[in-house]
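Since the structure comes first, as structure tokens, the remarks are kept for the end.
The values are calculated or read from the model by the stated rules, or taken from the named source; none is laboratory data. A quick note: this is a predicted structure, and the numbers were derived from the prediction, not measured. Here Cβ is always computed from backbone atoms with ideal geometry, including for glycine, and neighbour counts include all displayed protein chains.
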């Protein structure tokens, strides 16, 4: 049975509270981040992680199966992506999520409750992008949504037949965002930035949980186990600029 309005309000309030609490922590952590060379003691673990990714593990995006080695652009594989690279990619992804929810609202196919949820989630993603841009600085700040992500999901939203179809696309975006943050945790150099990313990831996961509940999905499809790197977006396929 689809989620009722009272339960939807409760879930929405819970994720909004989680978001605001996490942003207080994230902004403090991000304010202390200084991009630079990776500490010597962090290099072995980081390189092992990247080597394992290139050894044949796979991730999926929709029906497409991609090797994890393609998760990073070719140049990143040679030079190792910096924390700034990862922050820029994440900021572009967050702005793409904002645009996606705006597109969904513009279809006129969302009910009042679904529209309210979408507006709230769009605000969360904008806050995440703003926080990431704070540490990138004015000159390096990402002002535009990731164009490849928009190209992937935009037509699916505008072509969706009804509210349920739109929510399924939104769920896919949130699942991809959470999975991408999980992957990023494995390659981030600065422990403080890792802490900040770790505070954002649960919010993206809760977004997916709310949408999964609205879609009357089996809890096993969206609780806990779904947050893996299998659905992480491949920056090689979605260039940030």
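Tabulated results
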{"quantity": "Residues located in the range 131-143, provided they are more than 14 Å from the chain's Cα centre (by Cα) and either part of a helix (DSSP H, G or I) or over 18 Å from residue 82 (Cα atoms) (or both)", "calculated": "133, 134, 135, 136, 143"}
{"quantity": "The range 203-239, residues that are surrounded by fewer than 20 Cβ atoms within 10 Å (Cβ to Cβ), at pLDDT 85 or above and either within 16 Å of the chain's Cα centre (by Cα) or within 19 Å of residue 86 (Cβ to Cβ) (or both)", "calculated": "none"}
{"quantity": "Scan of the range 159-175 for residues that are in a helix (DSSP H, G or I), surrounded by fewer than 24 Cβ atoms within 10 Å (Cβ to Cβ) and touching a residue at least 12 places away in the same chain (Cβ under 8 Å), ordered by number", "calculated": "163, 164, 167, 168, 169, 171, 172"}
{"quantity": "Residues located in the range 127-156, provided they are closer than 23 Å to residue 202 by Cβ and surrounded by fewer than 16 Cβ atoms within 10 Å (Cβ to Cβ)", "calculated": "130"}
{"quantity": "Within the range 106-137, tally of residues that are out of contact with any helix residue (DSSP H, G or I) (no Cβ under 7 Å at 6 or more places or on another chain) and under 11 Å from residue 23 (Cα atoms)", "calculated": "1"}
{"quantity": "Residues that are over 19 Å from residue 211 (Cα atoms) and either more than 17 Å from the chain's Cα centre (by Cα) or without any contact (Cβ under 8 Å) to a residue 12 or more places away in the chain (or both), drawn from the range 144-158", "calculated": "151, 155"}
